[in-house]
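Please treat every number below as a calculation from the coordinates, not as lab data. Computed from a prediction, not measured in an experiment: that's the story for all the values here. Reconstructed Cβ throughout: ideal geometry from the backbone, glycine too, with neighbour counts over all protein chains shown.
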Amino acid sequence: MRWTQSIAVKSFAVAFVATHIPLLTLVAVVTLRPDWLTPLGVLLAALVATLLATALVIYVLWRMFAPLRAAADGLEGFMAKGEALRLAPGSGDEVGRLVRVLTQALAHWDRSRAALLHSGGQVLQRRSALAQDMGGERLHTLVLLEVDQWTALDAEGDLERMEQVQTTLLERLAGGTENGELVLPWGRGRFLLAVATRQADTYARATALCQPFVVEGDAQSFHCSAVLETRSGTAIGWSSALQRLEQKLYALRQQGGDRQVA
C-alpha cells in the first residue's frame, strides 16, 4: 500500500479542505463583495461555509468507511444465516485491505468447512439407511449439544478434567439413544445426535439430556444447551442440516443463557 492511499493522508486532506473552506469564503467576500462586510454578512458567510464544510466531511467519511459497514453486515449474515460473504474490493487504504483479507479468510474457512459438512452428510446418510435395513426407522432429526461451562474449562486448561466431562456426557447421551441412533463427538465440548424421533419428541429428549450432570470426583455440576434440525432426506440435505445447526447454535450463544434448547 502506498503512503498516499493511507487513511491518515486522506483524513488530513479532508480536514485541510474543510478547515479552509470558511477561510477562503471570507477571503472571497473581502475581495469580491466588500459591501457584505457587515457583522451580519460576515456571520452568514461564515455559517454557510462552515455548514458546507461539515457536510463535505460527513459525506467523505461516510463513503470512506462504507466497506466496513458492508463487511459488518456481510459477516453478520454469514455467521447467523450462512449467507455467502461477497464484498466489493473497496479502496486501497487500510479499510479496503481489511475487507479483502477478511473476505479471503472467510472464503478459505467456508471452503474447508464445506468438505467436512459433506463428509458428515455422507456418514449420516449411510447410518440412516443402515438403521432402516436393521429393522429400525430412518434417522429424522439432528441434535447438536454443547457443554455450557466449556469455555471456562478451556480457559483452565485442565485436559484431564475436560476429557472426563466429555466421557461422562458421551455415556449419558449413549444411554439416551435407541437402536440405530447415532452419537458422535463433534468438537471440543460438543456432541451430535442423529435420532429417529420427530422434532417435537426430540425436543423433550434434548431438554432431558441438557439437565445437570456430575463427573465422578468433581464437585461441580455441568449442563448443556442444544439446537435441533431436521434433514431433507439426501446426503446434501444432511450437510445443509449440519450447517443450519452450527448457525442455530451460534445464534443461541449470542442470546446468552444456559440449558437452552432451540
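Do any trypsin sites (Lys or Arg not before Pro) in segment 177-235 lie in a loop, going by DSSP, with at most 13 other beta-carbon atoms within 10 Å of their beta carbon, and if so which? Hits after loop and neighbour filter: Arg188, Arg198. Net charge in the neighbourhood of Gly41 (other residues with Cβ under 13 Å of its Cβ; Lys, Arg +1, Asp, Glu -1) is 0. Fully extending the segment from Leu44 to Phe65 would add 4.4 nm, taking 0.36 nm per residue of separation and subtracting the current Cα-Cα distance. By the beta-carbon count within 10 Å of each Cβ, the least crowded to most crowded order of Tyr250, Tyr59, fewest first, is Tyr59, Tyr250.
Find, among the GluC sites (Glu not before Pro) in segment 182-249, those assigned to loop by DSSP (not H, G, I, E, B) with at most 16 other beta-carbon atoms within 10 angstrom. Numbers along the way, then the final one.
Numbers: sites: Glu216, Glu229, Glu246; in loops: Glu216.
Answer in residue order: Glu216.
The 3J(HN,Hα) values that the Karplus relation (6.51, -1.76, 1.60; θ = phi - 60°) gives for segment 55-60 are, in residue order, 4, 5, 4, 4, 5, 5 Hz. Gly and Pro appear as x.
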